[in-house]
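Novice: Please find one structure pasted underneath; my questions will follow.
What follows draws every value from the coordinates through simple rules; no lab data is involved. Owing to the predicted nature of the structure, the values given are computational and were not obtained by experimental measurement. Methodologically, a virtual Cβ is constructed for each residue, glycine included, from the backbone with ideal geometry; neighbour enumeration extends over all protein chains shown.
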Amino acid sequence: MLPAYIPNPVAALSGGGTPIDLGKNYSDGRRIFGDGKTFRGLIVGILAGIMTGLFLIWLSAAYSLTYLPVQTLLSVTLLATGALLGDLIKSFFKRRLGRERGTKWPVADQYDLVAGAFILLLIGDSSWFFAVVSLPVLVIILVITPVLHRVVNIIGYLFRVKEVPW
Ligand code: CTP
Ligand code: MG
């Protein structure tokens, strides 16, 4: 899951500049995505996730870490891209519900990256998904994701990377 976990914090560190919605509003008069979703965050975040995945591929080959899932360029690209596309689509629906940028949206804020990564894997490499994401793996992911999310966001808040600790 590291290729899916890395993009969010890297987007928070590198984000800024032109928002993906170019500042435009949706038909309901609210922003399409909001200022929290920028091209720079999206691109740098995805590239960081892919690079993390390539490092994992090298690591498991170099040290014969056979207990790690066999990642490929495709699987790590789908994990990284899906994570931030999930985050982006979540923000679209968050705005439609009238929740401002940066506000808390429990469950959705924590699992957007998992849903996005899994959906892209199902579309792009379903055989990899079913071979790797067994029921126990799924349960572990569902348990550790909100914990990691919370811990990383508190660290980001303490270091003033994030304006809020969630
Ligand atoms: N970020 C970015 N581009 C992205 C995703 C994130 O630039 N595609 C940066 C933004 O600076 C954002 C920060 O990472 O504020 C934290 O991301 P997140 O918590 O997902 O965004 P929020 O500001 O909380 O916005 P939203 O309410 O839409 O989730
Ligand atoms: Mg947020």
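Novice: How big is the C-alpha Rg of the stretch 73-152 next to the rule-of-thumb value 2.2 N^0.38 Å, as a ratio? The partial results should precede the final answer.
Specialist: On the way: Rg = 13.4 Å, N = 80, 2.2 N^0.38 = 11.6 Å.
With N residues counted in the stretch 73-152, Rg over 2.2 N^0.38 Å equals 1.15.
Novice: Compute the orientation-averaged projected area for the stretch 1-149 from the convex hull of its Cα atoms and round it to one decimal in nm². The partial results should precede the final answer.
Specialist: Details: hull surface 36.2 nm².
Convex hull of Cα atoms, orientation-averaged projection: 9.1 nm².
Novice: In what sequence do 21, 28 fall when counting other Cβ within 10 Å, fewest first? If you can, show how the numbers build up before the last one.
Specialist: Working: 21 19, 28 10.
Placing the least packed residue first, the sequence is 28, 21.
Novice: Listing 72, 38 from the residue with the fewest other Cβ atoms within 10 Å to the one with the most, what is the order? Let's see the in-between values first.
Specialist: On the way: 72 13, 38 21.
Listed from fewest to most nearby Cβ atoms, that is 72, 38.
Novice: Kyte-Doolittle mean at least 1.6 and Cα extent at least 27 Å along the axis: which DSSP H helices of the chain qualify?
Specialist: Numbers: long enough: 39-62 (34 Å, 1.90); 73-96 (35 Å, 0.85); 135-158 (35 Å, 2.08).
Counting only whole DSSP H runs, the qualifying helices are 39-62, 135-158.
Novice: Which residue fluctuates most in the GNM of the chain (Cα springs below 10 Å): 77, 66, 18?
Specialist: Greatest mean-square fluctuation among the candidates belongs to 66.
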